[in-house]
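Working notes, structure below.
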Amino acid sequence: MKKIAKLFFIGFTLISLCGCGEKYDYSLYYSYKDSLKGIEIYCWQNNNDWASGILMGTDRAKAPEEVEWLQDNLPCPLNTMREILEDYPKEIIDFARVIVTSVPPQEHELGGWIDENNIYSYVYVYEQLNLEFPSGHYELG
């Protein structure tokens, strides 16, 4: 009986440890919904998983270290980011910039322009975030 209880305890402990993935507090991302300068949504792929983060808009390109901080400290799955963005006013969403970056981000990726060599990643991210892709300038074949 002691062996069964011991095995049960060990099994319960392992399940508890494995079942408790990292939990993040995304309140920072919700706080940007009233930003007068808009938002920039950074998206990146780690293996097969996509993650994202938001920074307030500014009149400058972000430094790689700013986006890397999001990647390291507050990665948000795209489905969760979609839910966060649903709480944003339409006028913020309509002018949001989506930027796909690598891990770690490279300076040339952060200018805010859609990289035509990476167009399908942009289309995927826009779809996952339930945002309208600015397709007027791109030919998708």
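Per-residue Karplus couplings for region 56-69, computed as 6.51 cos²θ - 1.76 cosθ + 1.60 with θ equal to phi - 60°, are listed in order as 5, x, 9, 8, 9, 6, 6, 6, x, 5, 5, 6, 4, 4 Hz, Gly and Pro entered as x. Averaging 1/r over every pair of different alpha carbons in region 43-103 and inverting the result gives a Kirkwood radius of 12.4 Å.
If one computes the Cα centroid of region 58-116 and of region 22-54, what distance in Å separates the two points? Value for the Cα centre distance between the two parts: 7 Å.
Counting every other Cβ atom within 10 Å of each residue's Cβ, Thr101, Thr80, Thr58 order from fewest to most as Thr58, Thr80, Thr101.
Between rounded, prolate and oblate, where does region 50-141 land on the alpha carbon gyration tensor, with a ≥ b ≥ c its root eigenvalues, rounded for a/c under 1.5, else prolate if a/b exceeds b/c? Since a/c stays below 1.5, the shape of region 50-141 is classed as rounded. Cross-link partners of Lys62 among aspartates and glutamates, defined as those whose alpha carbon lies under 19 angstrom from its own and excluding same-chain residues fewer than eight positions apart: Glu40, Asp72, Glu107, Glu109, Asp115. Here Lys37 is the anchor, and the aspartates and glutamates within straight C-alpha reach of less than 15 Å, apart from those fewer than 8 places off in the same chain, are Asp59, Glu91, Asp94.
No lab work stands behind these numbers, since they all come straight from the coordinates. None of the values given here were measured: they were computed from a predicted structure. Heads up, the Cβs are rebuilt from the backbone with ideal geometry, glycines too, and the neighbour counts pull from every protein chain shown.
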